[in-house]
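Undergrad: Once you've had a glance at the structure underneath, I'll fire off some questions.
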Number of protein chains: 4
Amino acid sequence: MTQRGTLGVAVIGTGRMGADHVRRISEVISGARVAAVVDVDAERAKNVASGVEGCTAYTEPDAAMAAADVDAVLIASPGPAHESALLAAFERDLPLLCEKPLTPDAASALRVLEAEQRLGHRRVQVGFMRRYDAEYVKLKALLDSGQLGRPLMLHNRHRNASSPPGFTDAMLINDSVVHEMDVTRWLLGQEITAVTVLRPTPSDVAPEGLADPQFVVLETDGGALVDVEIFVNCGFGYQVQAEAVCERGTARIGDGHAMVTNAAGRWGGTIAQDFVERFEEAYDREVQAWVDATRRGEVTGPSIWDGYAAAAVCEAGVRAQTEGRRTEVELIERPALYR
Amino acid sequence: MTQRGTLGVAVIGTGRMGADHVRRISEVISGARVAAVVDVDAERAKNVASGVEGCTAYTEPDAAMAAADVDAVLIASPGPAHESALLAAFERDLPLLCEKPLTPDAASALRVLEAEQRLGHRRVQVGFMRRYDAEYVKLKALLDSGQLGRPLMLHNRHRNASSPPGFTDAMLINDSVVHEMDVTRWLLGQEITAVTVLRPTPSDVAPEGLADPQFVVLETDGGALVDVEIFVNCGFGYQVQAEAVCERGTARIGDGHAMVTNAAGRWGGTIAQDFVERFEEAYDREVQAWVDATRRGEVTGPSIWDGYAAAAVCEAGVRAQTEGRRTEVELIERPALYR
Amino acid sequence: MTQRGTLGVAVIGTGRMGADHVRRISEVISGARVAAVVDVDAERAKNVASGVEGCTAYTEPDAAMAAADVDAVLIASPGPAHESALLAAFERDLPLLCEKPLTPDAASALRVLEAEQRLGHRRVQVGFMRRYDAEYVKLKALLDSGQLGRPLMLHNRHRNASSPPGFTDAMLINDSVVHEMDVTRWLLGQEITAVTVLRPTPSDVAPEGLADPQFVVLETDGGALVDVEIFVNCGFGYQVQAEAVCERGTARIGDGHAMVTNAAGRWGGTIAQDFVERFEEAYDREVQAWVDATRRGEVTGPSIWDGYAAAAVCEAGVRAQTEGRRTEVELIERPALYR
Amino acid sequence: MTQRGTLGVAVIGTGRMGADHVRRISEVISGARVAAVVDVDAERAKNVASGVEGCTAYTEPDAAMAAADVDAVLIASPGPAHESALLAAFERDLPLLCEKPLTPDAASALRVLEAEQRLGHRRVQVGFMRRYDAEYVKLKALLDSGQLGRPLMLHNRHRNASSPPGFTDAMLINDSVVHEMDVTRWLLGQEITAVTVLRPTPSDVAPEGLADPQFVVLETDGGALVDVEIFVNCGFGYQVQAEAVCERGTARIGDGHAMVTNAAGRWGGTIAQDFVERFEEAYDREVQAWVDATRRGEVTGPSIWDGYAAAAVCEAGVRAQTEGRRTEVELIERPALYR
């Protein structure tokens, strides 16, 4: 692979997310092509591959990675399959984009982190795509500029129209609030040290067994206080908002309103109905950034450390939720590779 | 009447507007009481008077003005009755608040203007209540501050949910756009020199015979260009907006949004359904300002000159509308009393 | 005092707040006049009285209350003086508007509450003026309508440009957050059962000794969760916002934007600089509502129970703040008089 | 060229716009590569080509079009050079994306239109990129849905921070308002039949010789009325807004606010400073849409008819501006190829 060549990507996992990344690489972004797709479901892999010129279907990640035209790997399989795919790619020193979660828990994330350290250089970008959303990027730039002084608090709203069947309290943390956990770490450049989960009486609209909404409070090692309203059956749409409260001002994102109508006695606009509508361009930018960096021979974006830290905070979050009390986060010391 | 005493007001006309002013003086504002009400309909006058302590009903304006406890006059009768009431009050040199229109046309307005000049001092405040609306006041203050440089254009929207039965093209100008004509003169401190009225194909929702909406362009002697969308069957509510475009910035009012909701897939809020909801406080402030000035022995606010100029611009507007071309406004030279 | 007569009010305390109420009753609202002012500082009382026709200055509340032309009492003296003034007025069975706080602590509030119970009927309206703010009133109406379902959470922001000298952590609760405590009880119609106070590292702009901002979490007996950001040195202005999160939608107030400008590379508008600018009309409506109800022989608005409950929640709040842990609120059973 | 192959594009013109398209095709969008660049300035062409793998520099459009790896042509040279390049491409029946203006005047546009008709099928997409802006696309979808009824008026604001040196009154129409002319035709699906240009006294900030701002009124064959404020020295930024007024509601775009800050006594946000910031994604979508359609063997988007109609309306606009009166637009009958 020369710096300028088109990147041949093996996409592991061809479910909803994997298929979407195949479409993105093939039809939206620049500089890469899908050379291989991998799925334990051979039929599904073949179907996806057939729609892409020069794409081969595999059932084994390792076979795809061994192919001559595969320069890089995008992991979009279910979380439990990530560790082995990551380790296999490390064997061949291939660059990776790994969808979140890095792995299902902090212990496995730590093993992957140690493996990358043994490799001696970063190879993995973890798929926290909010870091590529235009509004979050603006907020980050403003905070980094120091113009408003030090951030003291971060108020977050995370609302879904409705939760899929089988959604649990733990998934509220691991699948939903994990985004705010990463955003907190990234926006503030601080580690999360403790988690508290508070619960009002659940909405009557919430499915049996799910305490929805919940209110999560995060504390950071920089002394910031972060609150997250997570409400996955709010009914009206998908809405993600953040307000940073700093020493000399505040900044809020997520109210962006493309079109305002007056009709039937009301002014206002429509609310996005799912995360695709809200974050589609963030996904495009995320994958483009990965392709661009990889072609330059670099690794940028969220690291395995970020994936590990998110897993550790999630574990504390679920414990805080279960035990109903403030729970401290345990992290190993940050290795030099990730400083 | 001492400066501090409670003002005894005679309210002439006890229709919707008159009755509302009676309520306002009695129950909302400070420093005045309704001492007399006048209506050709004796029954209606009596009914209104009976609800107010110490209030006498009359059928003749002159009789009310002669009463010992009447210190000032508020005219809220139909426009054609204004001239004689104004002249009668001038006889007794009583302070007046005269609802718009001052009189039904420029010729009669000119007669009243000449009468007040003969009196030798201002006695009349004309009821252009938008000058007392908090948002317009803010816009005026900003323009006057010079902060944004000279105003170059003024874009206006004036929308009603629906027009009352019998509403005509001429009433679009005389009853509706007259507000923007006054606002233009007041905000810019300039006279209007020409009017053009443009018409798209009318809305199917417009009543038979009414060309609704229309688009009015005003030119001023200060070189400003003013456009007014007038749409009296917009269906969704009552909405008044203005945007001043100046040399170094623009300023817009009328988007004030008290409460924003998210529900049923939409964000936004409700739109006022009539001018009472939108301008009620402006009416309160207008009458309070009149009472306060009168108790201090002063006359402030829109003058007879403003009433006359509005009438002259309206006449040009109706002619422009009828003849389908740009029509110049004819004004006498501004008398010293109104400079 | 007949129902229709002008109410003669004795204003106790002629500091900033008292003097403002004297102006309000004399020049803004309808149906009342200031018959007496009371201040331990005789000079100050005389000065204020001299500006109002027919107003007598006193140094003793009881003397003012005994005056023939005093029909009602407005208490605007410092909190520690409230209890004795309230009890003195009860002796004469006079209607009262008592500025917040009702009294400085829950124990004294309870004594006043018991005294009013002995009187056998409500006589006191407590000065929680946010209940009269147009935006809060809209939010309350929306919640009461049930249109959005049951309220689950209430997010509040309470920001001041800067705190006055000598402002303490306890005052953050007792003077500032007390408003959100009352608003919570009123909007939700629920009692507050527990308070938690969280603190990020204070802003460098905060004065020595004040932990600013703080984050207060309230729990209610209806199962709602309420959070309050209190930030009294935010630097940019006075800002009060509330967002109710309900089962089928959310509603937010406090973003009301009268005028939007484009200038110097930015769109936006100005922020109120103090509570007077933000809540002046709420004060007007509050006192007008009190005068109107009193003239009708009724007592409406926040009751002594509301004043007592606020004091009890504040005490729990200060304890929560001091001890750094969730603190339960202790309330007596609600007497029949206040149900 | 098969349907799936990467499109080899010859970019004609390597000035600011051409170089930006080269970057876009190479680094942003999918499915195409720059195979050739053409510029009369051989040095500049070589410089641009050297940054792109497999790209050859030419000084003659025809030579580039003759190259084996060139499948399609993007014209970004100055307007006067467009006609010959278009005709040369027609000789080879190559698909084209032609930057606006199609050609400098209606007569030359008509010649190109006739040439494409002789070809017998559409080959050209004209570069009116606003049709690819997400907000305009939403507005178009809303209008097409019929939800708000028939559009009656369209209010437009088009503001630039400052005009480049040498900007003339005619350029106000040909370079700036031409966008609103195209948007009007596209949003409403109607032809423009007359143009009027009104002028307030110019801003003191406007350069000598330029009457800035101006106010353009368009009439359409569907009876709609369209107004455009064009203000190219507004000072505060680049701002494009449109409000459609329909029979049952209105819709406004261009107020989209990504991030709202509170600081220094003001709430609000930043304004884009140039069209790149505002419309960069529209350019990306425009070129991607062209590449996608071309690879499918189709031609979509604005046609030569649209380019010709815009030229005819611009000519009427400049005449209206010069002669100071309403000027009718003359169009040939629409050929079958463009219906």
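Undergrad: Could you grab me the full set of residues in the stretch C:219-230 that are facing chain A (nearest Cβ under 10 Å) and closer than 23 Å to D:R266 by Cα?
TA: Answer for the stretch C:219-230, where residues must be facing chain A (nearest Cβ under 10 Å) and closer than 23 Å to D:R266 by Cα: just C:E229.
Undergrad: Name the helices (runs of 4 or more DSSP H) wholly inside the stretch A:16-75 in which the number of residues that are within 24 Å of the chain's Cα centre (by Cα) and either β-branched (V, I, T) or outside the structural domain of A:L102 (by TED's automatic domain parsing) (or both) is 1 or more.
TA: In the stretch A:16-75, A:16-23, A:42-50 are the helices (runs of 4 or more DSSP H) which contain 1 or more residues that are within 24 Å of the chain's Cα centre (by Cα) and either β-branched (V, I, T) or outside the structural domain of A:L102 (by TED's automatic domain parsing) (or both).
Undergrad: When you look at C:Q273, is it surrounded by fewer than 18 Cβ atoms within 10 Å (Cβ to Cβ) and polar (S, T, N, Q), yes or no? Don't jump to the end; show me each part of the working.
TA: Numbers: surrounded by fewer than 18 Cβ atoms within 10 Å (Cβ to Cβ): yes; polar (S, T, N, Q): yes.
Here the answer is yes, as C:Q273 does meet what is asked.
Undergrad: Looking for something part of a helix (DSSP H, G or I), of a type in the set (D, E), in contact (Cβ under 8 Å) with a residue 24 or more places away in the chain and farther than 23 Å from C:A258 by Cα - is there at least one such residue anywhere in the stretch B:129-143?
TA: no
Undergrad: So, B:A19, is that one out of contact with any helix residue (DSSP H, G or I) (no Cβ under 7 Å at 6 or more places or on another chain), without any contact (Cβ under 8 Å) to a residue 40 or more places away in the chain and buried (at least 18 other Cβ atoms within 10 Å of the Cβ) or not?
TA: No, not satisfied.
Undergrad: For the stretch B:29-56: of the residues being farther than 17 Å from B:T6 by Cβ and acidic (D, E), which is surrounded by the fewest Cβ atoms within 10 Å (Cβ to Cβ)?
TA: Across the stretch B:29-56, the extreme among qualifying residues is B:E43.
Undergrad: Next question. If D:A134 passes every condition in (1) within 25 Å of B:F215 (Cβ to Cβ); (2) at pLDDT below 95 but one, which one does it miss?
TA: Evaluating D:A134 over (1) within 25 Å of B:F215 (Cβ to Cβ); (2) at pLDDT below 95 leaves (1) as the failure.
Undergrad: Starting from the stretch B:293-306, take each residue that is without any contact (Cβ under 8 Å) to a residue 24 or more places away in the chain and list its partners that are crowded, with 16+ Cβ neighbours inside 10 Å and outside any loop (DSSP other than H, G, I, E, B), counting only C-beta distances under 9 angstrom and pairs at least six apart or across chains.
TA: Listed by first residue and then by second, the contacts come to B:E298/B:D292.
Undergrad: Now for a different question. Could you run through the stretch D:303-339 and say how many residues are surrounded by 15 or more Cβ atoms within 10 Å (Cβ to Cβ) and in a helix (DSSP H, G or I)?
TA: Total meeting the criteria: 20.
Undergrad: Under the condition of being surrounded by 22 or more Cβ atoms within 10 Å (Cβ to Cβ) and in contact with a helix residue (DSSP H, G or I) (Cβ under 7 Å, 6 or more places away or on another chain), which residue from the stretch B:213-229 is farthest from D:A251 (Cα to Cα)?
TA: Checked the stretch B:213-229; the qualifying residue farthest from D:A251 (Cα to Cα) is B:T220.
Undergrad: On to the next question. So, in the stretch C:199-222, exactly how many residues are without any contact (Cβ under 8 Å) to a residue 12 or more places away in the chain and touching a strand residue (DSSP E or B) at 6+ places or on another chain (Cβ under 9 Å)?
TA: 2
Undergrad: Okay, next question. Residues in the stretch B:175-192 that are out of contact with any strand residue (DSSP E or B) (no Cβ under 9 Å at 6 or more places or on another chain) and either within 14 Å of chain D (Cβ to nearest Cβ) or part of a loop (DSSP other than H, G, I, E, B) (or both): how many?
TA: Residues meeting the conditions: 1.
Undergrad: So, one more: Take the residues in the stretch A:76-114 that are basic (K, R) and not in a helix (DSSP H, G or I), then tell me which one is surrounded by the fewest Cβ atoms within 10 Å (Cβ to Cβ).
TA: A:R92
Undergrad: Kindly provide the set of residues from the stretch A:279-303 that are of a type in the set (D, E, K, R) and more than 19 Å from A:R339 (Cβ to Cβ), ordered by number.
TA: A:E280, A:E281, A:D284, A:R285, A:E286, A:D292, A:R295, A:R296
Undergrad: Something else about it: Would you mind telling me which numbered condition in (1) aliphatic (A, V, I, L, M); (2) within 7 Å of another protein chain (Cβ to nearest Cβ); (3) within 22 Å of B:A310 (Cα to Cα) B:I271 fails?
TA: (3)
Undergrad: OK, next. For B:F279, only one of the following conditions fails: (1) touching a Cys at 6+ places or on another chain (Cβ under 9 Å); (2) among the hydrophobic types (A, V, I, L, M, F, W, C); (3) modelled with pLDDT under 95; (4) closer than 30 Å to B:G5 by Cβ. What is its number?
TA: For B:F279, the exception is condition (1).
Undergrad: May I pose another question? Pick from the stretch B:274-297 the residues that are more than 24 Å from B:N233 (Cα to Cα) and β-branched (V, I, T): which of them is farthest from the other protein chains (Cβ to nearest Cβ)?
TA: B:T294
Undergrad: Also: Do we find a residue being under 21 Å from the mean Cα position of the chain (by Cα), more than 9 Å from every other protein chain (Cβ to nearest Cβ) and β-branched (V, I, T) anywhere in the stretch C:248-255?
TA: No - not one qualifying residue is present in the stretch C:248-255.
Undergrad: C:N233 fails exactly one of the following numbered conditions: (1) within 20 Å of A:Q147 (Cα to Cα); (2) more than 11 Å from chain D (Cβ to nearest Cβ); (3) over 22 Å from the mean Cα position of the chain (by Cα); (4) in contact (Cβ under 8 Å) with a residue 24 or more places away in the chain. What is the number of that condition?
TA: (3)
Undergrad: Right, here's the next one. Quick check on my filter: what residues within the stretch A:198-218 are more than 17 Å from C:L218 (Cα to Cα) and facing chain C (nearest Cβ under 8 Å)?
TA: Passing the criteria: A:S203, A:D204, A:V205.
Undergrad: To continue, here is another question. What is the residue count in the stretch A:139-162 for residues that are away from chain C (no Cβ under 14 Å) and either crowded, with 18+ Cβ neighbours inside 10 Å or not hydrophobic (A, V, I, L, M, F, W, C) (or both)?
TA: 5
Undergrad: A further question on this structure: For the stretch B:64-90, name all the residues that are without any contact (Cβ under 8 Å) to a residue 24 or more places away in the chain and over 18 Å from B:G307 (Cα atoms).
TA: Answer for the stretch B:64-90, where residues must be without any contact (Cβ under 8 Å) to a residue 24 or more places away in the chain and over 18 Å from B:G307 (Cα atoms): just B:A68.
Undergrad: Among the residues of the stretch B:26-56, write down those that are away from chain C (no Cβ under 14 Å) and farther than 19 Å from B:C98 by Cα.
TA: B:D41, B:A42, B:E43, B:R44, B:K46, B:N47, B:V48, B:T56, listed by residue number.
Undergrad: For the stretch B:115-125, how many residues are part of a strand (DSSP E or B) and hydrophobic (A, V, I, L, M, F, W, C)?
TA: Of the residues in the stretch B:115-125, 1 are part of a strand (DSSP E or B) and hydrophobic (A, V, I, L, M, F, W, C).
Undergrad: Give me a count of the residues in the stretch D:57-75 that are of a type in the set (S, T, Y) and surrounded by fewer than 19 Cβ atoms within 10 Å (Cβ to Cβ). Don't jump to the end; show me each part of the working.
TA: Quick first cut of the stretch D:57-75, residues of a type in the set (S, T, Y) only: D:58-59.
Pick out the ones that are also surrounded by fewer than 19 Cβ atoms within 10 Å (Cβ to Cβ) and you get D:59.
So the answer is 1.
For every residue, the table says whether it meets (1) modelled with pLDDT of 95 or more; (2) within 29 Å of C:F231 (Cα to Cα); (3) in the same structural domain as C:V232 (by TED's automatic domain parsing).
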| position | (1), (2), (3) |
| --- | --- |
| C:A85 | yes, no, no |
| C:A106 | yes, yes, no |
| C:A115 | yes, no, no |
| C:H121 | yes, no, no |
| C:L143 | yes, yes, yes |
| C:R157 | yes, yes, yes |
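The values are calculated or read from the model by the stated rules, or taken from the named source; none is laboratory data. These numbers were taken from a predicted model, which means no experiment stands behind them. Please note: Cβ atoms are built from the backbone with ideal geometry, for glycine as well, and neighbour counts cover all protein chains shown.
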